[in-house]
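Every number here is computed from the coordinates shown, using simple stated rules; none is lab data. What you are looking at is a predicted structure, and each value in this text was computed from that prediction instead of being measured. Because the Cβ atoms are built from the backbone with ideal geometry, glycine has one as well, and the counts that use them run over all protein chains shown.
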Amino acid sequence: MKSIKLKNGHLYYQECGSGPAMLWIHGLPLNSDSWFAQFEYFKSNYHNVAIDLRGYGNSSALPDNYDSITDVYVEDIKQCIEVLKLDKPILVGFASGGHATLKFAAKYSEMISKLVVINASPCFKKQSDWQWGFSAETLKSFTKKIEETTSNEELSAVLYTPAIKEQHSDELDKMKSWFDEMLAKAKKETILAFFNNIALDDDRALLPNITTPTLIINSVLGEEVPTDVGLYLRQNIANSQYYEINGVGHFVFATQSKLVNQTIEQFIDPSTTINIPKFTKEY
């Protein structure tokens, strides 16, 4: 098992491939295994590294004392880049992991070459000037339901029912079973901490500090992060592109991995090849 030693714990990571570095940050309630399709796609040309955030997978639990979990994750990402000597990696984050990478890019833009966020938001809670998030009542309801769960099956139902919106299929069932394996490794207090801590962040004011080229991917059926949030990011991150995927729920990187991977690849290395017929007449 590969891990990075921290002052108060460790971060598990896995890696594959060689070339320019890509650093993958998972979302709730998954871990680094969730990037399997991305590792398979990018391993031929890139050095891929994915970490288990604290409280997930094989990494240490969250520290005992913290004000902001997002700040903990931001500094852990920084330490990962420094310890593994990743040279300005392409940073990719999903959902709550994407939330952390937005803040990382706002604080440490010089440490990365590009940023990709998938269904990420700078602010998960509704406010008087921010309509795209969880209401206080919804956060309270999620917290209560999670606290009352007594099995992994019950916890899975609470988290995945609002997130998986695609039409039922055997493939979706397999994906959910795979996700349940990762959920079993996530600590309940870590999941609760999203609703009690991360969801209270408001990082909108930091977005203009992001100077690195940024790709924003949003799925239309995702309730957690509506497409209006992606458009807001596009309007407030100067050097950014926005890509919207129709008919797909929250876990778009898994349910539409080929499309997502190709979109990321095109962003990293834009193709400008134009195929035209060969003309017999020369000009």
*Any aspartates and glutamates with Cα under 12 Å of the residue 185 Cα? List them, leaving off those in the same chain fewer than 8 positions away.*
33, 52
*With the Cα gyration tensor of the range 178-267 giving a ≥ b ≥ c as the square roots of its eigenvalues, does the rule (a/c under 1.5 for rounded; else a/b larger than b/c for prolate; else oblate) give rounded, prolate or oblate?*
oblate
*asked:* As I understand it, the dipole of the chain uses +1 on the Cβ of Lys and Arg and -1 on the Cβ of Asp and Glu, about the Cα centre. Which of 8, 150, 79 lies farthest toward its positive end?
replied: 79
*Would you grab the residues whose amide H sits under 5 Å from the one on residue 6? Only those 5+ places off in sequence or on another chain, please, with H modelled 1.01 Å from N.*
11
*Degrees between helix 257-268 axis and first principal axis of the chain (Cα, 0 to 90, nearest 10)*: 60 degrees
*In degrees, nearest ten, helix 227-236 long axis to first principal axis of the chain (Cα)*: 70 degrees
*Based on the alpha-carbon gyration tensor of the range 112-164 and its eigenvalue square roots a ≥ b ≥ c, which shape applies: rounded if a/c is under 1.5, prolate if not and a/b is larger than b/c, or oblate?*
oblate
*What residues have an amide H closer than 5 Å to that of residue 134, excluding those fewer than 5 places away on the same chain, when H is modeled at 1.01 Å from N in the peptide plane?*
125, 126
*Hey, can you rank 187-196, 15-24, 245-254 by average C-beta count inside 10 Å, highest first?*
245-254, 15-24, 187-196
*Classify the range 2-268: rounded, prolate or oblate, from the alpha-carbon gyration tensor (a ≥ b ≥ c, eigenvalue square roots; a/c under 1.5 rounded; otherwise prolate if a/b is larger than b/c)?*
rounded
*Hey, what do the phi angles of the range 90-101 turn into as Karplus ³J(HN,Hα) couplings, whole Hz, using 6.51/-1.76/1.60 and θ = phi - 60°, x for Gly and Pro?*
7, 9, 10, x, 10, 6, 5, x, x, 4, 5, 6
_Quick check for me: using +1 on Lys/Arg Cβ and -1 on Asp/Glu Cβ, what's the dipole size of the range 2-268 about its Cα centre, in debye to the nearest 20?_
520 debye
*asked:* Spelling out what I want: for every residue of the range 163-171, take phi, set θ = phi - 60°, compute 6.51 cos²θ - 1.76 cosθ + 1.60 (Karplus), and round to whole Hz; glycine and proline get x.
replied: 9, 9, 10, 5, 4, 4, 7, 4, 5
*Any chance you could run the full-extension gain for residue 177 through residue 66? It's 0.36 nm times the residue separation minus the Cα-Cα distance, nm to one decimal.*
36.7 nm
*For the pair residue 170 and residue 273, what calculated FRET efficiency results from E = 1/(1 + (r/R0)^6), where r is the Cβ-Cβ distance and R0 = 41 Å, to the nearest 0.05?*
0.65
